[in-house]
Every structure is written in C-alpha cells, then in structure tokens.
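**Q** Attaching a single structure in structure tokens format; questions to follow.
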Amino acid sequence: MSALVVANWKMGVEHRRALGECRVLARSTTANERARVVICPSFPDIAAIRSAFPSFSIGAQDCSGYERGAYTGDVAAADLRTLGCRVVILGHSERRRYYHETNSVVAAKMRLAVKVGLTPILCVGENRQEHQRGSAKRVVWRQLSVLTQQPIRASSQIIIAYEPIWAVGAPRPAGAETIAQMHAEIARWLQKFGIQKRQRKILYGGAVDSSTITSICQLPHVGGVLVGRASWTGEGLAALLHATS
Ligand code: PGA
C-alpha cells in the first residue's frame, strides 16, 4: 500500500520536542516508510527539521494570501518553498473556524502556493448540522470550486483532504460508508473539472490513528490520510507508517 501520511502537527508539538520526535521517527522506520510521510510542523521548526533531516518531506500548515509586503504575522508561500517545504495545508477547518477564512481567502493562498511550486492540500468538509441535513456534497463542492479560480497546469499536483469537521478532534473517524461516498464524489468532481488521476490525491482526515488507518486507506479513492493528534510523536507516526506498510 502506498498511502501518503500527512502529519499535521498543528500547535501540538512543542518546539523543544520537534527534533526529538523526528529522531524517534528516523530510528523506528525504514527509508521506504519515511518516503510516504510529510511532516507539517509549526513554522519555527521547519528550517531546523529540514537541516537535521534533509531526506524528510516537510510541509507548512498555512501560508499568506499576499505575495509580499506589510502583513504582520503572515508567512509568504515563496519563503516556505525556499525553506524546502513541498506542500502547504490550506483551508483547514480550524483556520476557517477560528480565523474566519473564507473560500476566497483560501483561493488567494492557493494561487500563490501553486505559483511558487508548493503542492496545495485543500481541506474540505462539512460540519455536523450540514452532515445531518444531507448537504455535505453541496458544501464540499463549494469548497472545491476554489480550484476553478486557479491556473492549474497539467503538471500541477493537487491534494484534497476530505475532513468532515465533526470527525476532526473527535474520538472516532467518520464511518467507512461516508468516507467512501464522499471520496467518490470528490473524485468525480475533480475528473469533471479536468484534474487527471495522476495529478491528484484525495486524503481522509479526522481522528485517524494506527488502529483505523489501514481500513480507511483501503477504501476506494482514498490515497492517504491527514492526521493530527496521532502524529504528534515519532512513535505514533511510526505506528501509522507500520500499519500501512
Ligand atoms: P485529528 O486532526 O487527527 O486530531 O482529528 C486531523 C486534522 O485536523 O487534520
């Protein structure tokens, strides 16, 4: 199985632990296993991890929607690329919820990410009420429409993470049926929009751990997972990789 495992460290891994967790990961996994993981640490840890573990793939958890200038606190997509990031998570539900990021903000960020050669991981997903009302598809389509505002080339790689908000941070992931159904819908949408199979990956995210990752990654159209809490230690991350080896 060649499932991609994206570790979203959020703000959950303290600066003084970051390198140590990477050391544990390096010790407890094979090079092949590590080739399937992308670690997305806090901004201040990106450079140190890159220089201590040059073979690791690193991503960022966000980037600015502005190219450069007087935007206090923002981090430019171009600088993330210079630091060696390969991917950037965009439109995560926590950013949408706590920082009121709209689809148009996400679109601006994505435009810059693609421009500098970062692979965007666009997070989409409905909240509990939308899920219960049966409007998940409509919500996800609206979030995917950010892609229609992008200059996506045939060579661009696009990653979508389906993360139902009600499963993020929850005790259990969404059920297999929901995951399979939504992934099939997303695959259909991307196909219709002209994003070829080889250009895209669809991940599932929300309460994935080492006991659930295997069955989730076996579902049709699931190319990997975006994992929060279960990836916050080197040991946990290694367990996720072992389970999908
Ligand atoms: P979780 O987070 O695995 O802790 O539920 C997933 C995510 O928000 O990407």
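Quick note: the coordinates plus some simple rules give every number you see, no bench work behind them. What you are looking at is a predicted structure, and each value in this text was computed from that prediction instead of being measured. Glycine also receives a Cβ, built like all others from the backbone with ideal geometry; neighbour counts cover every protein chain displayed.
**Q** What's the tally of Lys pairs in the chain whose alpha-carbon atoms lie under 24 angstrom apart, where the two lysines are 8 or more places apart or on different chains?
**A** Close lysine pairs found across the chain: 13.
**Q** Same structure again: In a shell of Cβ-Cβ distance under 15 Å around Ser135, excluding Ser135 itself, what net charge do Lys and Arg (+1) and Asp and Glu (-1) give?
**A** +2
**Q** Could you give me the ³J(HN,Hα) list for the range 224-233, computed from phi with Karplus coefficients 6.51, -1.76, 1.60 and θ = phi - 60°, whole Hz, x at Gly and Pro?
**A** So the Karplus estimates, Gly and Pro as x, are x, 9, 10, 10, x, 3, 5, 9, 7, 10 Hz.
**Q** Expressed as cubic angstrom per residue, what is the convex hull volume of the alpha carbon set of the range 1-105? Can you show the working numbers first?
**A** On the way: hull volume 12.6 nm³, N = 105.
Considering the Cα atoms of the range 1-105, their hull volume per residue is 120 Å³.
**Q** By what distance, in whole Å, do the Cα atoms of the range 20-71 stretch along each of the three principal axes, largest value first?
**A** Principal-axis extents of the range 20-71 (Cα, largest first): 43, 19, 14 Å.
**Q** Farthest toward the dipole's positive end in the chain, which of Ala76, Gly12, Ile49, given Cβ charges of +1 (Lys, Arg) and -1 (Asp, Glu) about the Cα centre?
**A** Projecting each Cα onto the dipole axis, the largest value belongs to Ala76.
**Q** Around Tyr98, under 12 Å between beta carbons, what's the net of Lys plus Arg minus Asp minus Glu among the other residues? All intermediate terms of the calculation are to be shown ahead of the outcome.
**A** Details: positive: Lys10, Arg95, Arg96, Arg97; negative: Asp62, Glu94, Glu101.
Result for the local shell: +1.
**Q** Right, something else. Using all alpha carbons of the chain, what is the percent of pairwise distances in each 10 Å bin, ordered from the shortest bin to the longest?
**A** 8, 34, 39, 18, 1
**Q** Longest exposed-loop-site-free stretch of the chain, with trypsin sites (Lys or Arg not before Pro), DSSP loop and at most 15 other Cβ within 10 Å?
**A** Values: sites that count: Arg68, Arg153.
In short, 154-245.
**Q** Would you compute, for the Cα atoms of the range 73-200, the largest minus smallest coordinate along each principal axis and list the three values in descending order, in whole Å?
**A** Largest to smallest, the principal-axis extents are 42, 34, 23 Å.
**Q** Something else about it: Cβ under 14 Å from Arg16's Cβ, Arg16 left aside: what net charge do those residues give with Lys, Arg +1 and Asp, Glu -1? Each step should come with its number before you reach the end.
**A** Working: positive: Arg17, Arg23; negative: Glu14, Glu21, Asp45.
Computed value for this residue: -1.
**Q** Using the Cα centre as the reference, give the magnitude of the dipole from point charges on the C-beta atoms of the chain (Lys, Arg: +1; Asp, Glu: -1; all else neutral), rounded to the nearest 20 debye. Numbers along the way, then the final one.
**A** On the way: 31 positive and 17 negative charges, 118 e Å.
Its charge dipole is roughly 560 debye.
**Q** Considering every Cα-Cα pair within the range 67-116, what fraction, in whole percent, is farther apart than 13 Å?
**A** Cα-Cα pairs in the range 67-116 separated by more than 13 Å: 61 percent.
**Q** Mean projection of the alpha-carbon convex hull of the range 133-245 over all orientations, in nm²?
**A** Mean shadow area of the hull around the Cα atoms is 7.6 nm².
**Q** Would you calculate, for the chain, the mean residue ellipticity at 222 nm contributed by helices, counting each DSSP H stretch of 4 or more residues as -39,500 (n - 2.57) and dividing by all residues, to the nearest 500? Mind showing how you got there, number by number?
**A** Details: 11 runs with 101 residues, N = 245.
After summing the helix terms and dividing by the residues of the chain, the value is -11500 deg cm²/dmol.
**Q** Another question, if that's okay. Rounded to whole Å, give me the distance from the Cα center of the range 67-96 to that of the range 178-199.
**A** First find each Cα centre; the distance between them is then 26 Å.
**Q** First obtain the Kirkwood hydrodynamic radius of the range 93-151 from its Cα pairs, then insert it into the Stokes-Einstein equation at 20 °C and 1.002 mPa s, and state the resulting D in µm² per second as a whole number.
**A** 175
**Q** A further question on this structure: For a quick check of your reading of the filter: which GluC sites (Glu not before Pro) in the range 12-73 sit in a DSSP loop and have no more than 13 other Cβ atoms within 10 Å?
**A** Answer in residue order: Glu14.
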